[in-house]
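What follows is calculated from the coordinates using simple rules that are stated; it is not laboratory data. This one's a predicted model, so the numbers in the text were calculated from it and none came from an experiment. Methodologically, a virtual Cβ is constructed for each residue, glycine included, from the backbone with ideal geometry; neighbour enumeration extends over all protein chains shown.
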Amino acid sequence: MNGDTVFTLIWKAGPVVKFVLLVLLTFSTFSWAIIFYKFRLFSRIEKESHDFNEAFIKGKQWDSLYQSTKKFTVSPLANLFRAAYSVDDASIDEIRTILRRVESMEAARLERYLTFLATTGSTTPFIGLFGTVWGIMNSFMGIGRIGAASLAVVAPGIAEALIATAAGLAAAIPAVVAYNYFLSRTRRNISMLEDFSHELLDLLVRKHGETQAGSL
């Protein structure tokens, strides 16, 4: 085993351990892709939502505000406002139903792929552990065949077993950290969305009341 690198040990590993490492690599690759995607998405969402909220607070006319929302393509607040604007002449109950539907759709979009990160964080350590157990079992089988318990016989199998454990942890730790981080940002954005939905509905209720009063 002298001079063996990690890559050499992986190359010398048995087919089961190699398969375990391939599975872990797949989980890790998808996890990192999701992490980069979600980070960029949340950065855009929060910037657009901040810009839209500033425009909304300034009290622009709804027609001009609707036109300006076309540049906000990923903001849940802007999407909610566009949905409310498109059914402005509907009844309050219909508007409330539509706002709730859009809230659910936007919440689902914010939560997308979080389940995969959670699954990666919870399962990959056990997949790595399976590779560890298999490698150690092969080491003991090697001892049985040779009839000697020297370090030279045991060490390679234990080394490849520990690589499987390390690979499982390497896949799990970033996924768990990213899941908790994005879950926090998701909850914060959903809370902002719900608050804005209530504010928007109140404005529409007052607007409908004024319209009805003016028609009398």
Inset, instruction - May I ask you to compute the full-extension gain from residue 53 to residue 29, defined as 0.36 nm times their residue separation minus their alpha-carbon distance, rounded to one decimal in nm? - result: 5.0 nm
Legend entry - Range of Cα positions in region 96-145 per principal axis (Å), largest first: 73, 12, 9
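Can you give the extra length, in nm with one decimal, that the chain gains between residue 105 and residue 71 once fully stretched, where that is 0.36 nm per residue apart less the Cα-Cα distance?
Length gained between residue 105 and residue 71: 10.3 nm.
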Legend entry - 25 Å Cα-Cα reach of residue 58 towards lysines, excluding residues that sit fewer than 8 places from it in its own chain: 47, 70, 71, 207
Inset, instruction - Per residue of region 192-204, in order, report the coupling 6.51 cos²θ - 1.76 cosθ + 1.60 (Karplus, θ = phi - 60°) as ³J(HN,Hα) in whole Hz, putting x for Gly and Pro. - result: 4, 5, 5, 4, 5, 4, 5, 5, 5, 5, 4, 4, 5
Legend entry - Mean Cβ count within 10 Å, highest first, over the residues of peptides 110-116, 165-171: 165-171, 110-116
